[in-house]
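**Q** Just dropping this structure here.
What follows draws every value from the coordinates through simple rules; no lab data is involved. Note that this is a predicted model, so its numbers are computed, not measured. With ideal geometry, Cβ positions are generated from the backbone for all residues, glycine too; neighbour counts draw on all protein chains shown.
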Amino acid sequence: YMGLFWIAKFSLFPLGLTNPFLLLLFFGLTLVVPFMGCYYARMFRDKVRGGEISFIQAWIFMIFMYMFAALLTAMAHYIYFRFIDKGVIINTYIEILDSGAFANISGIEEYMTQWKEVANVIRSMTPIELTLNLMSQNVFYCTILSLIIAPFVVKKSTSKDN
């Protein structure tokens, strides 16, 4: 279900570039991901592991959960970037950068130049390169996120052996 959630969440991103509410909803749903991960890990602990789980087991479970979610989402990313996007996301970013909305901020010129260079690099990437980049970012960040969440899932056996 995590992968389907990510796909649904990703569908809000391109729409959010023209509708601020949808972009806010995208970011809000992104903040829900760790809580969903914790919920699924606790369900795994209680229903599969008999109510107890070690840190390493919880961490590995979440790494695999996020990895498979990232794989499923990568398929949707590829389909989107290959057949649907046609440069819409990056062109919208460049329009925002060129609009002059940031012109009144002192010292922003250097940052704007860097952002435009990054945008040009992204523009030159193929759909598969974009997809693999997003997938590796998802796996990397979620592996770190799993380290933070795993202690909240750990539950040791309470029975005492005499």
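**Q** I need the full set of residues from the range 17-73 which are among the β-branched types (Val, Ile, Thr) and either under 12 Å from the mean Cα position of the chain (by Cα) or part of a helix (DSSP H, G or I) (or both), in order please.
**A** Thr30, Val32, Val33, Ile56, Ile60, Ile63, Thr73
**Q** Here's something else I'd like to know. Would it be correct to say that Leu15 is closer than 18 Å to Ile89 by Cβ and surrounded by fewer than 16 Cβ atoms within 10 Å (Cβ to Cβ)?
**A** When the stated conditions are applied, Leu15 passes them.
**Q** Scan the range 86-103 residue by residue and report those that are out of contact with any Pro (no Cβ under 7 Å at 6 or more places or on another chain) and in a helix (DSSP H, G or I).
**A** Within the range 86-103, Ile90, Asn91, Thr92, Tyr93, Ile94, Glu95, Ile96, Leu97, Asp98 meet the criteria.
**Q** A further question on this structure: Starting from the range 72-86, keep only residues that are free of Cβ contacts under 8 Å to residues at least 60 places away in the same chain, then list their pairs with residues that are aliphatic (A, V, I, L, M) and not in a helix (DSSP H, G or I) whose Cβ atoms are within a distance under 9 Å, requiring at least 6 positions of separation or different chains.
**A** Between residues of the range 72-86 that are free of Cβ contacts under 8 Å to residues at least 60 places away in the same chain and residues that are aliphatic (A, V, I, L, M) and not in a helix (DSSP H, G or I), the close pairs are Phe81/Met125.
**Q** Further question on the same structure: Residues Tyr141, Tyr80: which one is surrounded by 14 or more Cβ atoms within 10 Å (Cβ to Cβ) and out of contact with any helix residue (DSSP H, G or I) (no Cβ under 7 Å at 6 or more places or on another chain)?
**A** Tyr80
**Q** Within the set of pairs 6 or more residues apart or between chains, which connect a residue that is closer than 10 Å to Leu17 by Cβ inside the range 90-103 to a residue that is of a type in the set (Phe, Trp, Tyr) and in a loop (DSSP other than H, G, I, E, B) with Cβ atoms less than 9 Å apart?
**A** Ile96/Phe102
**Q** Also: Kindly indicate whether any position in the range 104-118 is surrounded by 14 or more Cβ atoms within 10 Å (Cβ to Cβ), closer than 25 Å to Arg49 by Cβ and either more than 23 Å from the chain's Cα centre (by Cα) or of a type in the set (Ser, Thr, Tyr) (or both).
**A** no
**Q** In the range 126-147, is there at least one residue being more than 20 Å from Thr30 (Cα to Cα) and more than 19 Å from the chain's Cα centre (by Cα)?
**A** Within the range 126-147, one or more residues are more than 20 Å from Thr30 (Cα to Cα) and more than 19 Å from the chain's Cα centre (by Cα).
**Q** Taking only the range 104-125 into account, find how many residues are in a helix (DSSP H, G or I) and free of Cβ contacts under 8 Å to residues at least 24 places away in the same chain.
**A** Selection size over the range 104-125: 13.
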